[in-house]
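The values are calculated or read from the model by the stated rules, or taken from the named source; none is laboratory data. Quick caveat, the model's predicted, so the values are computed rather than measured. Every residue, glycine among them, receives a Cβ derived from its backbone with ideal geometry; neighbour counts consider all protein chains shown. Please note that ligands, DNA and RNA were not included when accessible areas were found on the heavy atoms of the full protein model with its side chains. Shrake-Rupley method; radii C 1.70, N 1.55, O 1.52, S 1.80 Å.
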Amino acid sequence: MRNFTNVKDIGPLDLAVKEALEVKANRFAYQHLGKNKTLMMIFFNSSLRTRLSTQKAAMNLGMNVIVLDVNQGAWKLETERGVIMDGDKAEHLLEAIPVMGSYCDVIGVRAFAGLKNKAEDYEERVINQFIRYSGRPVFSMEAATRHPLQSFADLITIEEFKTKERPKVVMTWAPHPSALPQAVPNSFAEWMNATDYDFVITHPHGYELAPEFVGKARVEYDQRKALEGADFVYAKNWSAFADPNYGKILSKDRDWTVDTEKMALTDNAFFMHCLPVRRNMIVTDDVIESERSIVIPEAANREISAQVVLKRILESL
Ligand code: AN0
Ligand code: CP
């Protein structure tokens, strides 16, 4: 594998999950792959899980790791071509990227959607420039439209916990105080649509995701109806995608918060969230602390999804 930005890059999902379970059972078996290889992780946005799990995955593989928080200590970067750089930005991304590439073998990039210009976000301008100009394999640590390492970890988690061949998986919108990207729900939908699960998306009117991500999923605007018989409840907030409200908050209605009464409509479903989560906005204390909450094993699987991706990239170097 050269680059990893979406579900297609990982190939058949049954093989990817099989490899993930092998790696999980024997995570130090591939140390030779990373010897004298350097991973550079570049963060344009905050992170707890991605930063720690990806570094751990790289260490499991015997790699060295360099982390750069672009907004803390590096020069402020210009990303647009043709700009007269007489403002506060001291360096252009077009020099910074090949320079960073010259110090490492593999690059991970986190660059969220700006939520101001839909076309720019959905073109994936930042990560695509890394792919084009770094000279290195590049993987997404959450880009503007997708968070594939998260979705892969979510898939591994569902495969570990499911008790039915074809579980009902419900992704529900839930309220949040600030505007969040569509990357996590887009990506989760993309990966769920690549399985044969019964996949349902529920959200208030106005929160429709891009059609290419909704794909064959069923959309149900009545959250309670959507949750009936669910085996997995995947909660997430996102901002509006549809024009003219791109990137806007249309509702903070806590009637959409996942609580015990909603979970009682399901078939004793497991509760999932990518984290970080706002308690009593997205989900009540009771639900996230319940024995059906699998948010911690879900986060732990981030180490595994990252390790499979890094392992495949190292095998192709
Ligand atoms: C981010 C998001 O919704 O994309 C990262 C989630 C992994 N969440 C927040 O900014 C709270
Ligand atoms: N789920 C996730 O990507 O978490 P971080 O934003 O903390 O990395």
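Computed quantities for the displayed model
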{"read-out": "Residue check, LEU115 in a helix (DSSP H, G or I), within 16 Å of ligand 1 (Cβ to nearest atom) and either open to solvent by 20 Å² or more (accessible area, probe 1.4 Å) or without any contact (Cβ under 8 Å) to a residue 60 or more places away in the chain (or both)", "value": "no"}
{"read-out": "Count of residues meeting criterion [hydrophobic (A, V, I, L, M, F, W, C), more than 16 Å from ligand 1 (Cβ to nearest atom) and not in a helix (DSSP H, G or I)] in the stretch 259-292", "value": "5"}
{"read-out": "Check on PHE130, within 16 Å of ligand 1 (Cβ to nearest atom) and either open to solvent by less than 20 Å² (accessible area, probe 1.4 Å) or of a type in the set (A, V, I, L, M, F, W, C) (or both)", "value": "no"}
{"read-out": "Elements of type strands (runs of 3 or more DSSP E) contained in the stretch 163-239, each with 1 or more residues being within 14 Å of ligand 1 (Cβ to nearest atom)", "value": "168-173, 232-236"}
{"read-out": "Criterion: within 14 Å of PRO185 (Cα to Cα) and hydroxyl-bearing (Ser, Thr, Tyr) - qualifying residue of TYR246, TYR234, TYR221", "value": "TYR234"}
{"read-out": "Scope the stretch 253-270; condition within 17 Å of ASP285 (Cβ to Cβ) and open to solvent by 70 Å² or more (accessible area, probe 1.4 Å); matching residues", "value": "ARG254, THR260, GLU261, ALA264"}
{"read-out": "Residue list for the stretch 145-185, filter: open to solvent by 10 Å² or more (accessible area, probe 1.4 Å), over 25 Å from VAL23 (Cβ atoms) and not basic (Lys, Arg)", "value": "HIS176, PRO177, SER178, ALA179, LEU180, PRO181"}
{"read-out": "Meets criteria (on the phi < 0 side of the Ramachandran plot and either of a type in the set (D, E, K, R) or within 16 Å of ligand 1 (Cβ to nearest atom) (or both)) for THR5", "value": "yes"}
{"read-out": "Subset tally (residues that are open to solvent by less than 10 Å² (accessible area, probe 1.4 Å) and within 14 Å of ligand 2 (Cβ to nearest atom)) for the stretch 275-293", "value": "1"}
{"read-out": "Scan of the stretch 25-84 for residues that are hydroxyl-bearing (Ser, Thr, Tyr), closer than 23 Å to ALA96 by Cα and modelled with pLDDT of 95 or more, ordered by number", "value": "THR38, SER46, SER47, THR50, THR54"}
